[in-house]
Amino acid sequence: MTMRVLTSIFVLAALCIAPAAVGAHAFLDHADPAVGSSVPTSPSVLHLWFTQELEPAFSWATVSDRSGATVNDGAATIDPGNKSELDIKLKQLPPGTYTVKWHALSVDTHTTEGDFTFHVGKG
Amino acid sequence: MSRLIAALVAALAFPPFIFMMSSAAQAHVVCGNRVFPTTLTMDDPGVSDEMSLPTINLTPTPTAQSNSYGYEWDKTITEDLGFGINGGYLTQRSPSQNLNGWDNITVTLKDQHPCFNRHPHEELVFSVGLVRLIPGTGSTRLRTAGVIDDVGSTSPTFYFGKGFGDLSAPYLRPFAITGELSRDFSDTPTANPSAWSYAVSLQYSMPYLQQSVQAQHIPQFLTRMTPLVEIAMTSSDAGGPPTGTISPGILYDANTWQLGAEAVIPANSATRQGQGTGFIIQYHQFLDTFYKSWFGRPIIKKNLWGS
């Protein structure tokens, strides 16, 4: 009897949990320019791909130089064809190190945030 | 027994395959860039909606093979206050006798202070909790045989986590430590002495390296892994050397679940007298994926710290 109960608990838990899972926190999956990378010339757009779809009104990103001055050209936008992608147009960037800060609200209503740097010019 | 094994295999194998299409790493206690994953032999430093089912612990002893098939369910009451319940089914095989039955139930009430980020990448979090082992909730046969406690205990516990994202050396930033310290007050100290329990884990987060420091051109499954070592010790008021284990292993984090496996090595000769090197594996489900239901979010959407 005990075995039967135990078996049922494990199997039901596995089967019930799996199909109902529908979302999760949004974390950075990858970026272009890549996290910590060096690119030879100024990119025109920074792309951020997240692990979940984002709520556009509450998800943003900024890019700043060493002095803290913002170098993005306008606000970040969600790619209409891929709601897990956040794009930020950039001004012409002189050689240097730039910091990307992002804030994401995923469809599960959890907020996440993070930052990373990339370098323009010879590395 | 074969049905039990089949069920465990199903529980372990099925959900990971279902979720395999999800990508990148995440888990549960989040503090800025830092995600503290769920550890196997000690508790993590925060509260969340999650379930560990099963946690399989295989432990050889000098006279028997002891296995446990554990469960744990953690539920948030408010955003910072959580309740947990855990236990397991135990089997003990020896030439002289075979024993099996349910372990006692343990309940936990834990409150997490909002994470500290007083300077960039401070990544400091702590929680306080009260853990109650409820005597008499397990198998009578196991209790009579002395396999499980017949005396309850209450343990005020302090938990912490610190990520090292504020270090200057980039490749050291993925390191983090978590720990817990508790005083286990026995209901009947003369029968079962009170004790101090302490544990620490050292982790190297490949997801942190990938997302916050330097993206690596390596297979994606490697970017989801966190190698770690956990050390968990107990020092009884009865005297004698402390006993405990050192558990090196790997955690694999996906969007909605985590799989962990560790060797469980006796930390000293006193521990080796009671057990050999064992193994622990755990499937962990993050229940806040059920964000639209009571099951996956706080019952009361409020933070007692007012943040």
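Which is without any contact (Cβ under 8 Å) to a residue 24 or more places away in the chain and not aliphatic (A, V, I, L, M), of B:141, B:93, B:118, B:132?
Every option except B:118 fails the conditions.
Within the stretch A:98-123, which residues are among the acidic types (Asp, Glu) and in a strand (DSSP E or B)?
Scanning the stretch A:98-123 gives A:113, A:115.
What number of residues within the stretch A:68-113 are in contact (Cβ under 8 Å) with a residue 40 or more places away in the chain and in contact with a helix residue (DSSP H, G or I) (Cβ under 6 Å, 6 or more places away or on another chain)?
1
Would you please list the contacts, defined by Cβ atoms under 9 Å and residues six or more apart or on different chains, that run from a residue in the stretch B:249-271 that is within 10 Å of residue B:227 (Cα to Cα) to a residue that is in a strand (DSSP E or B) and among the acidic types (Asp, Glu)?
Close Cβ pairs (under 9 Å, with a partner that is in a strand (DSSP E or B) and among the acidic types (Asp, Glu)) amount to B:249/B:230; B:249/B:262; B:250/B:262; B:251/B:262; B:262/B:230.
Among the candidates A:84, A:64, which residue alone is more than 15 Å from the chain's Cα centre (by Cα), within 14 Å of chain B (Cβ to nearest Cβ) and either surrounded by 17 or more Cβ atoms within 10 Å (Cβ to Cβ) or not acidic (Asp, Glu) (or both)?
A:64 is the lone residue from the list that is more than 15 Å from the chain's Cα centre (by Cα), within 14 Å of chain B (Cβ to nearest Cβ) and either surrounded by 17 or more Cβ atoms within 10 Å (Cβ to Cβ) or not acidic (Asp, Glu) (or both).
Consider residue B:8 carefully, then state whether it is farther than 30 Å from residue B:209 by Cα and either crowded, with 20+ Cβ neighbours inside 10 Å or at pLDDT 90 or above (or both).
Yes; evaluated as a whole, the condition is true for this residue.
Sort out which residues of the stretch B:275-296 are touching a strand residue (DSSP E or B) at 6+ places or on another chain (Cβ under 7 Å) and assigned to a loop (DSSP other than H, G, I, E, B), and write them in order of number.
B:275, B:276, B:277, listed by residue number.
Checking the condition surrounded by fewer than 16 Cβ atoms within 10 Å (Cβ to Cβ), within 12 Å of the chain's Cα centre (by Cα), within 14 Å of chain B (Cβ to nearest Cβ) and under 17 Å from residue B:32 (Cα atoms), which residue from A:51, A:111 passes?
A:111
Just give me the residues in the stretch B:71-86 being assigned to a strand (DSSP E or B) and away from chain A (no Cβ under 11 Å), in sequence order.
B:72, B:74, B:75, B:76, B:81, B:82, B:83, B:84, B:85, B:86 - these are the residues of the stretch B:71-86 that are assigned to a strand (DSSP E or B) and away from chain A (no Cβ under 11 Å).
Those residues that are surrounded by fewer than 15 Cβ atoms within 10 Å (Cβ to Cβ) and within 18 Å of the chain's Cα centre (by Cα), I need them from the stretch B:231-247; list them, please.
Once the filter is applied, which keeps residues that are surrounded by fewer than 15 Cβ atoms within 10 Å (Cβ to Cβ) and within 18 Å of the chain's Cα centre (by Cα), the stretch B:231-247 yields nothing.
Could you count how many residues in the stretch B:227-243 are touching a helix residue (DSSP H, G or I) at 6+ places or on another chain (Cβ under 6 Å) and either farther than 17 Å from residue B:194 by Cβ or not hydroxyl-bearing (Ser, Thr, Tyr) (or both)?
The total comes to 1.
Looking only at the stretch B:236-258, how many residues end up being under 19 Å from residue B:39 (Cβ atoms), modelled with pLDDT under 95 and either assigned to a strand (DSSP E or B) or of a type in the set (Gly, Ala, Ser) (or both)?
Count: 4.
Only residues that are small (Gly, Ala, Ser) and surrounded by fewer than 18 Cβ atoms within 10 Å (Cβ to Cβ): list them for the stretch B:91-132, please.
Once the filter is applied, which keeps residues that are small (Gly, Ala, Ser) and surrounded by fewer than 18 Cβ atoms within 10 Å (Cβ to Cβ), the stretch B:91-132 yields B:94, B:96.
Condition (residue is within 11 Å of chain A (Cβ to nearest Cβ), surrounded by fewer than 20 Cβ atoms within 10 Å (Cβ to Cβ), of a type outside the set (Gly, Ala, Ser) and not in a loop (DSSP other than H, G, I, E, B)) applied to the stretch B:26-37: is it met by at least one residue?
Within the stretch B:26-37, not a single residue is within 11 Å of chain A (Cβ to nearest Cβ), surrounded by fewer than 20 Cβ atoms within 10 Å (Cβ to Cβ), of a type outside the set (Gly, Ala, Ser) and not in a loop (DSSP other than H, G, I, E, B).
Can you tell me which residue is surrounded by the most Cβ atoms within 10 Å (Cβ to Cβ) among those in the stretch B:259-274 that are outside any loop (DSSP other than H, G, I, E, B) and among the polar types (S, T, N, Q)?
Restricting to residues being outside any loop (DSSP other than H, G, I, E, B) and among the polar types (S, T, N, Q), the top hit is B:271.
The values are calculated or read from the model by the stated rules, or taken from the named source; none is laboratory data. Here the structure is a predicted model, which means the values were calculated and not measured. Ideal geometry is used to build each Cβ from the backbone, glycine not excepted, and the neighbour counts take in all protein chains shown.
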